[in-house]
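**Q** Sharing a structure, written as structure tokens. Questions coming.
The values are calculated or read from the model by the stated rules, or taken from the named source; none is laboratory data. A quick note: this is a predicted structure, and the numbers were derived from the prediction, not measured. Here Cβ is always computed from backbone atoms with ideal geometry, including for glycine, and neighbour counts include all displayed protein chains. The protein model used for the area step is the full one, side chains on, heavy atoms only, and it has no ligands, DNA or RNA in it. Shrake-Rupley method; radii C 1.70, N 1.55, O 1.52, S 1.80 Å.
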Amino acid sequence: MALFMMNCELLATCSALGYLEGDTYHKEPDCLESVKDLIRYLRHEDETRDVRQQLGAAQILQSDLLPILTQHSQDKPLFDAVIRLMVNLTQPALLCFGSVPKEPSFRHHFLQVLAYLQAYKEAFASEKAFGVLSETLYELLQLGWEERQEEDNLLIERILLLVRNILHVPANLDQEKRIDDDASVHDQLLWAIHLSGLDDLLLFLASSSAEQQWSLHVLEIISLMFRDQNPEQLAGVGQGRVAQERSTDVAELEVLRQREMAEKKTRALQRGNRHSRFGGSYIVQGLKSIGERDLIFHKGLHNLRNYSSDLGKQPRRVPKRRQAAQELSIQRRSALNVRLFLRDFCSEFLENCYNRLLGSVKDNLLREKAQQHDETYYMWALAFFMAFNRAASFRPDLVSETLSVRTFHFIEQNLTNYYEMMLTDRKEAASWARRMHLALKAYQELLATVNEMDMSPDEAVRESSRIIKNNIFYVMEYRELFLALFRKFDERVQPRSFLRDLVETTHLFLKMLERFCRSRGNLVVQNKRKKRKKKKKALGQPIASGTTPYSPEELEAVWPLLAEQLQCCIQDPGLSLDSMVPFDAASEVPVEEQRAEAMVRIQDCLLAGQASQALTLLRSAREVWPEGDVFGSQDISPEEETQLLKQILSAPLPRQQGTEEQGAEEEEEEEEEELQVVQVSEKEFNFLDYLKRFASSTVVRAYVLLLRSYQQNSVHTNHCIVKMLHRLAHDLKMEALLFQLSLFCLFNRLLSDPAAGAYKELVTFAKYIVGKFFALAAVNQKAFVELLFWKNTAVVREMTEGYGSMDGGSSSRKPPMWSPEEEAQLQELYLAHKDVEGQDVVDTILAHLKTAPRTRKQVIHHLVRLGLANSVKDFQRKGTHIVLWTEDQEQELQRLFEEFQDSDDILGHIMKNITAKRSRARIVDKLLALGLVAERRELYKKRRKKLASSSLPNEEESLKDFCQEDLEEDENPSEEESEEDEEKEEGSEAEQAPQGSSVLSTEKLGQSLHQEGFSAPILWLQNCLIRAADDREEDGCSQPIPLVPLTEENEEAMESKEFQQLLHKLGVRPPASEETFWRIPAKLSPTQLRRIAASLSQPEEEEEHQPGPDPKVPGEQGPEEEHRKDHRAQALRALSLAQRKKAGLVSPEEEGTAGGNEQLKVAPRKRQLLDSDEEQEEDEGRSKAPKLGAPGIQKKKRFQIEDDDEDD
């Protein structure tokens, strides 16, 4: 803007400031008033910031304000006014305009203001200006709190804001054109700050506990000072070139040399021996031109390789909204003296200021004392200085303030918030993406520091790292964070640098997690699942009777029970009238006209069995509408009130159809409203299962996008990409996930690159994937077509295992189409059976439909699609229409209960013999209401106990009975399941019954496992069962206990099908979804567990106590064998008696007689077993068991019999 374009008043005000003569500035008498006028003009500028632009064009700051600042600093009022004006003039352009304007005219004004700010920054790059500022700031900080005035605090803040504004001005790269190691304007500014001593004052403000109010200003200034710096490069300044940097430079030079040599070779091959002015024309066979003929090529053959059908075409313009995001942060190397100064500043800051300053800033952020988005400076400082500390000389104590789980949580919270705001606030998505990038860098540096602590020689540091990792890997949000960022990556708002940092951070996290899992063996982590449940209706809301009217017989059956309740309510003096209001005050219908609705509400309460609410409504309505005695007179007697309610119950009251339908819709909306309930549980972590979460096309697409710039990527970035793709392809056996044409084109470009030798890892991986593809293509010819699409895990499985392999268990398979004949039959059946009461129309249609098998859901949806029904909700399964129990039904239920009270399954017999069929839950509730049972447990199906007879039963029969009891126990359904589940379980019991008789008995299965070498795993299983029984007796409660094999032998046994069959026979539950180990069910009592453990030792006892027949006398038994059998029978008899006693099945007489005899008989056997370890060598000839197996077997039997004696 030219000077003659300035406003006259503004020009006169600027002229009244003073003038510069040589190096001396002469101020005018009205200089202070002129400065204040300029501040006033700036306060009233328009949207284009015209005053600011005119002052910038006149160079008022360079020619007037800076000389006044440096030469007249002693004039305190003038100095304060100039500082105020400078702070206003130098405020960022983004703050002036709010954001970068999109309108061309406003964008021009924005760029003009930015150009003036860059000129201000260049003018401030002098030692004089910062010298005056630092001297003034030093004098103010020397004042104590009792001497410092409010004006002094304002001046300190304005000086800090002025320095912040000057440092905030972005560099003009097109105008400066500075290379690395050259001093830019920003470097000159930093050097002026260093020479003036302002950096020492910043360190003092950061370290002083008395100056905490300036902590955010100081942190913002420091972040702007190091804006273009790399912490790793800054830490290595002055230490010479390390070997890693030299090797990196050599590798880059080698790549450039190889490309140059390849280009020279290509040019040499293109030149022929004899020059020809005529290139000739050629016909390219097999390559069609625009028509049907072959392509004619009019250039030399050496140019044929570069031919493309896209030559000469206009490139397609990409809209702005689809263009990739631009990189905003540029790192460069400053001049050497500036880098040395910044390195020393970082070292002093870490030593004296880091922990205190960041603790103060964190406290301000948590207490919301900071401005919006000030947490970004905190995250930048955390990432920068922790990286500097890790690269310089790693000392965890210097960054201990931010090295905690709380910091991880703070960063994760902000990262998630930025991520959600980027998805919702689309206009400011780029700004949220930049903040998210800062949070990701901070998270990456936290992980890198924790990883560095693992390599520390100090044991305490390694233990702290282990604790932090244990907390991080346990919480689900930290593990799911990277998956969410990959799935929602958008290259239109997130730059390529964000994707690079995300890939590197994910690589580091997976490497740490894999190493931690290997060192721990098993890792238990937190698992959260969102469960949706329907919102229940409020308790006080009456249930409408609906459109199904009650017959007079049903109303007569309902009334006796209501009459009893009403008698109790009438006699209750505490019945309040304030709890029920008979009219709707918010309704548009007047109160006088709501009497009919109140009568309907009373009838609804009676039909719902809510007698007390009906009586309260009646009395409240009598108080509101006393005229006409519609709700009874004021002096009505209790008998007349009861008769009035009976008349209301049986009266055919008129109902408003529209209101009723609207109420029904509201009720449906309330019932359909879903609530998300987060269920927190724990599970054992499996690294491969977690890795499978990354096997997604969105994740692979992001990695391929970054791999396209492999020439610009660092070696570490390319390694991170290849490592993740190798995990997916090799570790998860999902090579087909990478069979994509765009990736193969990238592989082709890589393999044809002259400098491919510098990317050996990439080349090896590319050859591996291409080889796998052609191996699959030899079997599956459709693999070439699959190259055109990104794939998920289901498609990968179909490609490798065959198409249609997922149809058996896939729920996404499309149902068969409906033919016109099927639709006509469906319509005919629906119209014929829709009005029939007492039956479900959908079930009737399914029974009579003579087409392909259809599900209930398919029939309902097609009825809605044909317009025969309005909604799917019309076909919801209705409960039984019998809501209330009649007196005859109650008497029948009481009679059936008394009849089957002593049976094993009371509830099952009642449900089979009752006349009015009801659900299990309704029968249980009625039995409890009638007081026939005290608790639901009394109605559970009882297990059949086998009483020991006088003669000891055969061992096979006892084992068979025991297994049969376990089968019955497994088949016993829960008492609170629905009728549908009950029918399914009854069907499954009928199917499993013949299977139980055909499988091998537990004894034979145990013998075969012993012969196959599973003695040690069976012993381990027996000990686990006994320990579980002891724990359940001590705790008094039971829960599923996992069987965790800790040895290779036990792991192999748990994977064996025969051993798993034994576990099934014993009642051990296999792992469910998201579980790894078999579990001992919670329903097994300690007695049952000991019986299972005893059954496992019986095959060994037979081997020990029943030796083979003597070869000399075949078919005869010696006295020793009979003695052993006698002892064995006595021991089993004592064990059976102890178990029966524990179960409460032994009478006192039997306990007194048999118990005493058995105790006397078992005692010598117990003593014999205790001494068997010492007598083993002496009785080696007498014992036929193997030497190696005997001690373990005897120890197991000794523990078992001792436990049984304690139970006795």
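**Q** With the crude spin-label approximation of a point 7 Å out along Cα→Cβ, what separation in nm comes out for residue 787 versus residue 43?
**A** 7.2 nm
**Q** On to the next question. On the protein heavy atoms, probe 1.4 angstrom, tell me the percent of accessible surface of the range 1009-1089 carried by carbon and sulfur.
**A** 48 percent
**Q** Subtracting the Cα-Cα distance from 0.36 nm times the residue separation, let me have the gained length for residue 294 to residue 760 in nm, one decimal.
**A** 163.8 nm
**Q** Could you sort 261, 512 by their accessible area in this structure, using a 1.4 Å probe and putting the largest first?
**A** Ranking 261, 512 by accessible area, largest first, yields 261, 512.
**Q** Residue 832 to residue 922: FRET efficiency via 1/(1 + (r/R0)^6), r the Cβ-Cβ distance, R0 25 Å, to the nearest 0.05?
**A** 0.20
**Q** Quick check: pseudo-label points 7 Å beyond the Cα along Cα→Cβ at residue 1008 and residue 63, how many nm apart are they?
**A** Modelled inter-label distance: 10.6 nm.
**Q** Continuing with this model, one more query. Charges only on Cβ, +1 for Lys and Arg, -1 for Asp and Glu: so what's the dipole of the range 324-439 about the Cα centre, in debye to the nearest 20?
**A** That gives the range 324-439 a dipole magnitude of about 300 debye.
**Q** For the range 382-497, what is the accessible area per residue in Å², given a 1.4 Å probe and the full set of protein chains?
**A** The answer is 41 Å² per residue.
**Q** Please calculate how many Å² of accessible area the range 47-136 carries per residue, with a 1.4 Å probe and no DNA, RNA or ligand atoms counted.
**A** Here the residues of the range 47-136 average 42 Å² of exposed surface.
**Q** All other residues with a Cβ under 15 Å from the Cβ of residue 71 taken together, and with Lys, Arg as +1 and Asp, Glu as -1, what is their net charge?
**A** With Lys, Arg at +1 and Asp, Glu at -1, the neighbours total -4.
**Q** With a/c under 1.5 counting as rounded, go ahead and sort the range 368-414 into rounded, prolate or oblate using the C-alpha gyration tensor (a ≥ b ≥ c being the square roots of the eigenvalues; past the cut-off, prolate if a/b is larger than b/c, else oblate).
**A** Judged from the Cα gyration tensor, the range 368-414 comes out prolate (a/c at least 1.5, a/b above b/c).
**Q** By how many nm would the segment from residue 1077 to residue 565 lengthen if fully extended, with 0.36 nm per residue of separation less the alpha-carbon distance?
**A** So the extension gain works out to 178.9 nm.
**Q** Contact order normalised by length for the range 676-808, with contacts defined as Cα pairs under 8 Å and 6 or more residues apart; what percent is it?
**A** Once divided by the residue count of the range 676-808, the mean separation gives 28 percent.
**Q** How about the range 96-127: which trypsin sites (Lys or Arg not before Pro) there are in a DSSP loop, with at most 10 other Cβ atoms within 10 Å of their Cβ?
**A** Listed in order of number, the matching sites are 102.
**Q** What is the extension gain from residue 1046 to residue 873, computed as 0.36 nm multiplied by their sequence separation minus the C-alpha to C-alpha distance, in nm to one decimal?
**A** 57.0 nm
**Q** Here is a further query. Sequence-distant or interchain residues sharing an amide H contact under 5 Å with residue 685, placed H: which?
**A** The answer is 523, 524, 525.
**Q** Can you pick out the pairs among 27/128; 683/1057; 128/362; 692/1083; 782/850; 873/917 whose Cα atoms lie more than 28 Å from each other?
**A** Table pairs above 28 Å Cα-Cα are 128/362; 692/1083; 782/850.
**Q** Rounded if a/c is under 1.5, else prolate if a/b is larger than b/c, else oblate: which is the range 310-440, with a ≥ b ≥ c the root eigenvalues of its Cα gyration tensor?
**A** The shape class here is oblate.
**Q** Related question: Less than 12 Å from a label point 7 Å out along the Cα-to-Cβ axis of residue 775: which backbone N atoms in the range 714-741 qualify, by residue?
**A** Of the residues in the range 714-741, 730, 733-736 have backbone N under 12 Å from the label point off residue 775.
**Q** Given a Förster radius of 51 Å and the C-beta distance between residue 749 and residue 527 as r, what FRET efficiency does 1/(1 + (r/R0)^6) yield to the nearest 0.05?
**A** The value I calculate is 0.75.
**Q** Shifting gears a bit: Tell me, what is the per residue accessible area of the range 691-767 in Å², probe radius 1.4 Å?
**A** 41 Å²
**Q** Ignoring ligands, DNA and RNA, please state the percent of accessible area on the range 164-234 from carbon and sulfur, probe 1.4 Å.
**A** The value for the range 164-234 is 48 percent carbon and sulfur by accessible area.
**Q** Could you tell me which trypsin sites (Lys or Arg not before Pro) in the range 816-870 are loop residues by DSSP with no more than 15 other beta carbons within 10 angstrom of their beta carbon?
**A** 834, 850
**Q** A further question on this structure: Compute the FRET efficiency between residue 711 and residue 689 as 1/(1 + (r/R0)^6), taking r as their Cβ-Cβ distance and R0 = 35 Å, and round to the nearest 0.05.
**A** Calculated value: 0.45.
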